[in-house]
1. If you filter the stretch 8-52 for chymotrypsin sites (Phe, Trp or Tyr not before Pro), then keep DSSP loop positions with at most 14 other Cβ within 10 Å, what is left?
2. Total Lys pairs in the stretch 72-190 closer than 28 Å by alpha-carbon, pairs eight or more apart in sequence or interchain only?
3. Counting DSSP beta bridges with both partners in the chain, what percentage is antiparallel, nearest 5?
4. Based solely on C-alpha atoms, express the radius of gyration and the Dmax of the chain in angstrom.
5. Search the structure for amide H atoms under 5 Å from the amide H of Ser33, placed 1.01 Å from N in the peptide plane, and list their residues when 5 or more places away or on another chain.
6. What is the sum of charges, Lys and Arg at +1 and Asp and Glu at -1, for the other residues whose Cβ falls under 14 Å from the Cβ of Pro153?
7. Work out from phi, with θ = phi - 60° and the Karplus expression 6.51 cos²θ - 1.76 cosθ + 1.60, the ³J(HN,Hα) of each residue of the stretch 87-94, listed in order in whole Hz, and give x for Gly and Pro.
8. For a quick check: with amide H placed at 1.01 Å from N, whose amide H comes under 5 Å from His84's, ignoring anything fewer than 5 positions away on the same chain?
Amino acid sequence: MEERQISKAVIKRLPRYYRYLGEILNNGVERISSGELSNKMQVTASQIRQDLNNFGGFGQQGYGYNVKYLYDEIGKILGVNQSHPMIIIGGGNFGRALANYDFEKNGFVTKAIFDIRPEIAGSTVRGIPVLMMEQLEEYVAREHIEIAVLTLPKSKVAEAAARLTQCGIKALWNFAHLDLDVPDNVVVENVHLVDSLMQLSYRISNYESEENEKV
């Protein structure tokens, strides 16, 4: 089934299923019902069944779900059973923090960090080399890089994105506060941290308002 036929809401929930099932699997649980999974995820059992039915169901009536099988199948749907080589554009504090994160356990292998400052050329972060931007095109072609992580200032990110798409990058993970305009064959995941904080602020404000109304 093509991804475009699956709603974005379902796709957004799949990583949560995968994460929770991994935790359940590590606890030695072999099977689980949609009701039990519902209690852990705070998603209705009906919603879980509907979501999984988009991909074939995977469960058996009266038995529930085999945890290992469901975990592996969702991993295949998400593509994390494959290796995805990626690079980080921007060797500042945030880029280095991301380089220190262990994405490899989910199949995302950070191969290099690119920056424009010659004073950090040749340094490493967790064994990952820092290279110069003039090496970008040759490196992407040689290492068959699929994903670029953008940790640049807003003023620099559009230019970098254009350059990356021209040299064959398939996907951009964008942390700059700018929605990118890229070719249709390039996938973009925008992560706007300030937007997330504002959503948090909204929830805090509304919670406090509701509590005050109860007083």
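1. On the way: sites: Tyr17, Tyr18, Tyr20; in loops: none.
Filter output for the stretch 8-52: empty list.
2. 9
3. Of those bridges, close to 20 percent are antiparallel.
4. Cα radius of gyration and Dmax of the chain are 20.7, 65 Å respectively.
5. Tyr65
6. Local net charge: +1.
7. 10, 10, 9, x, x, x, 4, 6
8. The list, which skips near neighbours in sequence, is Phe108, Val109.
Read-outs throughout are calculated quantities, based only on the coordinates presented, and are distinct from any laboratory measurement. Everything numeric here is computed off the predicted structure, so don't read it as measured data. In this analysis, Cβ positions are derived from the backbone assuming ideal geometry, glycine residues included, and neighbour counts consider all displayed protein chains.
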